[in-house]
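**Q** Take this structure first; my questions come after.
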Protein chains: 2
Amino acid sequence: MENVLGLRCIHCGKELPAKTGIFTCPTCGSKDGILDVEYDYKRINRLNTRKQVENSKDFSIFRYHAFLPIQPDTPRPHLRVGWSPLYKPVGLEKSMGMSSLYIKDDGQNPTSSLKDRASVIAVIKAIEEKATTIACSSTGNAASSLAGNAASVGIRTFIFVPSRAPQGKIAQLLIFGANVISVQGSYEDAFHLSAQAIERWGWYNRNAAVNPYLVEGKKTVALEIAEQLQWEVPDWVVLSVGDGCTIAGVGKGFQDLYRAGWIDRLPKLAGVQSEGCCPLVEAFLKDQPWVPSEENTIADSIAVGVPRNPEKALRAVRESNGTMIAVSDEEILAAMGFLGKTSGIFGEPAGVTGIAGLKHLLAQGTIKPSDKVVAIVTGNGLKDVKNAIAAAGKPMRVEPSLTVLIEELKKRGIE
Amino acid sequence: MENVLGLRCIHCGKELPAKTGIFTCPTCGSKDGILDVEYDYKRINRLNTRKQVENSKDFSIFRYHAFLPIQPDTPRPHLRVGWSPLYKPVGLEKSMGMSSLYIKDDGQNPTSSLKDRASVIAVIKAIEEKATTIACSSTGNAASSLAGNAASVGIRTFIFVPSRAPQGKIAQLLIFGANVISVQGSYEDAFHLSAQAIERWGWYNRNAAVNPYLVEGKKTVALEIAEQLQWEVPDWVVLSVGDGCTIAGVGKGFQDLYRAGWIDRLPKLAGVQSEGCCPLVEAFLKDQPWVPSEENTIADSIAVGVPRNPEKALRAVRESNGTMIAVSDEEILAAMGFLGKTSGIFGEPAGVTGIAGLKHLLAQGTIKPSDKVVAIVTGNGLKDVKNAIAAAGKPMRVEPSLTVLIEELKKRGIE
């Protein structure tokens, strides 16, 4: 890792070497002492120029290997993670009254969520540390992406999920052969039990906030957005926020590109939570320390009452001159519908929460209709069919007869 | 379409122009008179060389535009269809005792199935014919892919699905704003009602066997396999068979490449159905005309008792010196599990039916362990979570306590 200078505590600034077994700052402890990976940007540019990246035939996150904290020769899982499509859906754009709206559909990853970007790095780091078992707690997507990526290289997994995790995510875990522990309690309970078990058995820890390398995987979504826009940075990047790691990753990605001289400005970040669980939005808007919240939202992936990476997340939004906002579950369900209808993109509730927030921010005037905006869809709607049906209603049931069909269509005013 | 010579009836050989409104042979009728698109291969090579394709930065089916029956200037839906990953999963390979096994994961398409390849062509042809409404009947995947691709360009859809279609596929349709008609009956009933309604209202017809252009979209999976293997054709391509259109498309793709001089031999095709619904396997093995069958299988996407494209499908398998085989639902469920566990790939039941068949064909000696084999996974497992859970069991439910967890793991012999 000649590109990596080391790790730095985001709390006290202490510098540590990027070495086996170092995950959090020993001075600040595992809760506050979250570490950042620091790079030698001159070295990055020597390893790989922007031009070389543009010509790379590797359409996965590894086209940005010079920005990743992994050894070049560590075996990689075969799943194709990253290089998800960036769409400019004109129907959606028009319906929102905008002129430059892009959707980054990260549901198009191997296990159908953005979390694959972090999990593939976790698996590579586990291989580098010669671990044979990886564990994590997750609201679902981190879990299924870890299980899938680990299965692809034959590493055992233990996954702790809260009892409310939707069936689609549970099904993925089981199919990938994970040891799935459904913790009868909240995400907080699942997180605690996983931490105890990881310590007890010495498993490799994929808990996103604790493991400093995972944000580095997540940041690749920002690198891709920049390249897919020919390095013309958008005014805003809008996305949902749970634990805080993903928005921290997006911020890190743009920062890295800026420091390496590949882009000439930074986008503002807009973080969106659900009203039923928005500790980070409240902390941001009130400019006060965050307080734990209930986890009362259909957007299960971002129902995180005790966020694990609050400091990195808030720092990323503030440094970008961005903003945060909360939306209702009804607005989230409505966003699933209007996104699907106008663009053919199907996001899970947390996946479209950013788009629901964008609507608000446009109405508020915070984001202008002429701004160049990228909204990230973080997970595929097939992961949570129950809520999709709640969002979109039911099919018309018809006996196999044309006469009956004509009647039914007439009743509904369809011609 | 300077690359297209015209259409030819696969039954009587009659030649017809590739023009608006011509779908089936007027002499043979809409059931038997299925048409094939014929190309000028010299013209294709003038439009686009193999080298130019290799250097194309368009990572979608449109990198093969010279092989597609569409006008170059017709607007295209924005969804990124095709260029799905071709994996060489060593864990799976080892568990099957093989040395050269590839998986083409077509669940990694915008609406999570291979059918996107056909639907995007249907939408383009509908735009060329100035249609504002498209309709189809489908076991689910053709439907959701049509609904998604049509939504992306603002075209209205009417979708006829049999009552048994799984919830995931229904949810997709509704989210994409389709008019969904759940026909209380079999696929055959849904197909008939759609045909009547299409005639009654003059909608554009996306029924795969009837519309000659859809197989041309499906064939792109073969073009990609060839390119991803550096034009070194595999010995076998194995996949599931329902209506017969997909395997016909795979056959057509390799034939086109061969005739254009891009590959120097053809792979054998192995078509796999479920024992509960295998009219084409029986016709193939007995060398007799096919007879309608019950639709008694969990693999809903291939539960087609009255196949709509039997002739093209059987011809493709026979011309390739390939074979067909039926597997049980238990074998299909088992394939979901061992594929997921050893490779991190999650296929729906019909999606992994080819892999279940491959296991049989290896045991029979029809396919040798040293053969170079590509198995196509045709759809994502998230589309049918119920069967995934049936395949993989349930999670371990644990109270949030380390002591309880230790007990539970001990009980199960996990350390």
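**Q** With a 1.4 Å probe and all protein chains left in place, how much of the accessible area of the protein assembly as shown comes from carbon and sulfur atoms, in whole percent?
**A** 48 percent
**Q** Using only atoms on other chains, find how many Cβ atoms lie within 10 Å of each Cβ of peptide B:382-394 and report the average.
**A** The per-residue average across the peptide is 6.
**Q** Sum -39500 (n - 2.57) across every DSSP H segment of at least 4 residues in the protein assembly as shown, then divide by the residue count to get the 222 nm mean residue ellipticity, nearest 500.
**A** That calculation yields -11500 deg cm²/dmol at 222 nm.
**Q** Here's another thing I want to ask about it. With θ set to phi - 60° and the Karplus curve 6.51 cos²θ - 1.76 cosθ + 1.60, what are the ³J(HN,Hα) couplings of region B:4-19 in order, to the nearest whole Hz, using x for Gly and Pro?
**A** Residue by residue, region B:4-19 yields 9, 7, x, 10, 9, 5, 6, 8, 10, x, 4, 9, 9, x, 7, 10 Hz.
**Q** Just A:Pro307, A:Pro395, A:Pro89 to compare: in a GNM of chain A, with alpha carbon springs under 10 Å, which one fluctuates most?
**A** Residue with maximal mean-square fluctuation among A:Pro307, A:Pro395, A:Pro89: A:Pro395.
**Q** Checking the table A:Lys14/A:Lys286; B:Lys219/B:Lys268; B:Lys31/B:Lys252; A:Lys115/A:Lys286; A:Lys218/A:Lys312 against a 25 Å threshold on Cα-Cα, which pairs fail?
**A** Result: A:Lys14/A:Lys286; A:Lys115/A:Lys286 exceed 25 Å.
**Q** For the rotation bringing B onto A, which B residue has its Cβ nearest the axis, and at how many Å?
**A** Whole-Å result, nearest residue of chain B to the axis: B:Leu382, 2.
**Q** Give me, ordered by chain and number, the residues 5 or more places off B:Tyr39 or on other chains with an amide H under 5 Å from its own placed amide H.
**A** Residues meeting the criterion, in which the H sits 1.01 Å from N, are B:Leu5.
**Q** Dipole of the protein assembly as shown (Lys/Arg Cβ +1, Asp/Glu Cβ -1, origin at the Cα centre): which of B:Val291, A:Ala390, B:Gln184 lies farthest to the positive side?
**A** So the residue we want is B:Val291.
**Q** What do you get for the angle between helix A:402-411 and the principal long axis of chain A? Use alpha-carbon atoms, 0 to 90 degrees, nearest ten.
**A** Long axis of A:402-411 versus the principal axis of chain A: about 80 degrees.
**Q** Let me ask another. Which whole number of Å³ per residue matches the convex hull of the alpha-carbon atoms in region B:1-70?
**A** Expressed per residue, the convex hull around the Cα atoms of region B:1-70 is 96 Å³.
**Q** I've got another one for you. Where is the GNM fluctuation largest for chain A (alpha-carbon springs, 10 angstrom cutoff): A:Ile22, A:Ile61, A:Ile34?
**A** Of A:Ile22, A:Ile61, A:Ile34, the Gaussian network model singles out A:Ile22 as fluctuating most.
**Q** Can you give me the distance in nm between label points at A:Arg200 and B:Glu282, each placed 7 Å from the Cα along the Cα-to-Cβ direction?
**A** 5.5 nm
**Q** Given the protein assembly as shown, what percent of its DSSP beta bridges are antiparallel, to the nearest 5?
**A** Antiparallel: roughly 30 percent of the beta bridges in the protein assembly as shown.
**Q** So, one more: Cα axis of helix A:245-259 to longest principal axis of chain A: angle in degrees, 0 to 90, nearest 10?
**A** 60 degrees
**Q** Starting from a label point 7 Å past Cα on the Cβ side, list the distances from B:Tyr258 to the same position in the other copies, nm, shortest first.
**A** Those label-point separations list as 5.8 nm.
**Q** Let me ask something else about it. Taking the Cα-to-Cβ direction at A:Ser99 and at B:Thr27 and moving 7 Å from each Cα, how far apart do the two end points lie in nm?
**A** That separation, rounded to one decimal, is 5.9 nm.
**Q** Just in region A:236-274: which trypsin sites (Lys or Arg not before Pro) are loop by DSSP and have at most 16 other Cβ atoms within 10 Å?
**A** Here the trypsin sites (Lys or Arg not before Pro) that fit, given the DSSP loop and packing criteria, are A:Arg265.
**Q** Using amide H atoms built in the peptide plane, which far-off residues or other-chain residues are under 5 Å from A:Ala18 H to H?
**A** A:Leu7
**Q** Oh, and also: What accessible area per residue comes out for chain B, rounded to a whole number of Å², with a 1.4 Å probe?
**A** Normalised by residue count, the accessible surface of chain B is 34 Å².
**Q** Still on this structure: For A:Gly347, enumerate residues with amide H under 5 Å from its amide H, sequence gap 5+ or separate chain, H modeled in the peptide plane.
**A** Hits under the 5 Å cutoff: A:Gly381.
**Q** Also, I was wondering about something else. Between B:Asn321 and A:Arg265, how many nm apart are label points set 7 Å from Cα along the C-beta direction?
**A** A separation of 6.4 nm, rounded to one decimal place.
**Q** Here's another thing I want to ask about it. Below 13 angstrom from the Cβ of A:Met336, what's the summed charge of the other residues (Lys, Arg +1; Asp, Glu -1)?
**A** Counting the neighbours of A:Met336, the net charge comes to -1.
**Q** A:Glu129 label points, 7 Å along Cα→Cβ, one per copy: pairwise distances from this copy to the rest in nm, shortest first?
**A** 5.9
**Q** Using protein heavy atoms only (no ligands, DNA or RNA), what is the total accessible area buried between A and B, 1.4 Å probe, nearest 100 Å²?
**A** Approximately 6500 Å² gets buried when A meets B.
**Q** With a 10 Å cut-off between alpha carbons and a GNM built on chain A, which of A:Asn141, A:Asn387, A:Asn109 moves the most?
**A** A:Asn387
**Q** Just to confirm the numbers: B:Asn55, label point 7 angstrom along the Cα-Cβ line, distances to the other copies in nm, shortest first?
**A** 1.1
**Q** Residue by residue through region A:343-349, what is 3J(HN,Hα) from phi via Karplus (6.51 cos²θ - 1.76 cosθ + 1.60, θ = phi - 60°)? Round to whole Hz and write x for glycine and proline.
**A** So the Karplus estimates, Gly and Pro as x, are 9, x, 10, 10, x, 6, x Hz.
**Q** Also, quick follow-up: Angle, helix B:116-128 long axis vs. longest principal axis of chain B, Cα atoms, 0 to 90°, nearest 10?
**A** Orientation of helix B:116-128: about 30 degrees from the principal axis.
**Q** Less than 11 Å Cβ to Cβ from A:Gly261, Lys/Arg counted +1 and Asp/Glu -1: what total charge do the surrounding residues give?
**A** Counting the neighbours of A:Gly261, the net charge comes to +1.
**Q** With a Förster radius of 51 Å, plug the Cβ-Cβ distance of A:Glu408 and A:Glu2 into 1/(1 + (r/R0)^6) and report the FRET value to the nearest 0.05.
**A** Efficiency, rounded to the nearest 0.05: 0.15.
**Q** Further question: Pull out the extension gain between B:Asn296 and B:Gln184, defined as 0.36 nm times the separation in residues minus the alpha carbon to alpha carbon distance; nm, one decimal.
**A** Extra length available between B:Asn296 and B:Gln184 comes to 38.7 nm.
**Q** OK, next. At a probe radius of 1.4 Å, what is the per-residue accessible area of B:Phe23, in Å² to the nearest 10?
**A** Roughly 30 Å² of B:Phe23 is accessible to a 1.4 Å probe.
The values are calculated or read from the model by the stated rules, or taken from the named source; none is laboratory data. Since we're looking at a predicted model, the values are computed, not measured. For neighbour counting, all protein chains shown are included, and Cβ atoms are generated from backbone atoms with ideal geometry for every residue, glycine included. Areas reflect the complete protein model, heavy atoms only, side chains present, ligands, DNA and RNA absent. Shrake-Rupley method; radii C 1.70, N 1.55, O 1.52, S 1.80 Å.
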